[in-house]
Amino acid sequence: MYLIDSNIVIGTWNTYPPAIFRSLWDEFADLIPGGDLYFHKEVKRELTAWSSEQSEWFSKHVPDDRVLAPIQSEVEKYVEVSAWAQFERTPKLTQKAVDSFLNAADSWLVAGG
């Protein structure tokens, strides 16, 4: 199983735009249903938060069964990751950096291990 982060879609889109690299995006889309590619619920939230070509692509090609919701053990780890980011990290993060980390899918992906 491969858990895909938002930056994979966004970075690849910006570097290899579908208008030029159509076959890459067709192959990527073909790998999603029934394959080993999954997206976390928070990644979906990030990618669909704004109306964009990337969000349209995501909505069209990623079925709900490829979007994983957090399970209880992941929620418990997220609490630990949150505490680490806020109180335990050395050197200490600014509150802005903590907020940015916790409001991004990355913190959930770390918790998911």
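The values are calculated or read from the model by the stated rules, or taken from the named source; none is laboratory data. Keep in mind the model is a prediction, meaning the values are calculated, not measured. Ideal geometry is used to build each Cβ from the backbone, glycine not excepted, and the neighbour counts take in all protein chains shown.
The table below lists the values:
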quantity: Helices (runs of 4 or more DSSP H) fully within region 17-91 counting 3 or more residues that are under 23 Å from residue 103 (Cβ atoms); calculated: 41-48, 53-61, 72-83
quantity: Within region 33-60, tally of residues that are surrounded by fewer than 16 Cβ atoms within 10 Å (Cβ to Cβ) and either assigned by the TED database to the domain that holds residue 105 or of a type in the set (A, V, I, L, M, F, W, C) (or both); calculated: 2
quantity: Some residue of region 4-27 being in contact (Cβ under 8 Å) with a residue 60 or more places away in the chain and within 12 Å of the chain's Cα centre (by Cα); calculated: yes
quantity: Odd one out for residue 67, checked against (1) at pLDDT below 95; (2) within 15 Å of residue 9 (Cα to Cα); calculated: (1)
quantity: Residues located in region 46-84, provided they are within 28 Å of residue 95 (Cα to Cα) and touching a helix residue (DSSP H, G or I) at 6+ places or on another chain (Cβ under 7 Å); calculated: 46, 47, 48, 69, 70, 74, 77, 78, 81, 82
quantity: Some residue of region 98-106 being touching a residue at least 40 places away in the same chain (Cβ under 8 Å), part of a helix (DSSP H, G or I) and closer than 26 Å to residue 2 by Cα; calculated: yes
quantity: Every residue from region 61-113 that is of a type outside the set (A, V, I, L, M), closer than 24 Å to residue 48 by Cβ and surrounded by 16 or more Cβ atoms within 10 Å (Cβ to Cβ); calculated: 61, 66, 70, 74, 78, 101, 106, 107, 108, 112
quantity: Residue within region 13-34 that is within 24 Å of residue 111 (Cβ to Cβ) and among the charged types (D, E, K, R) present; calculated: no
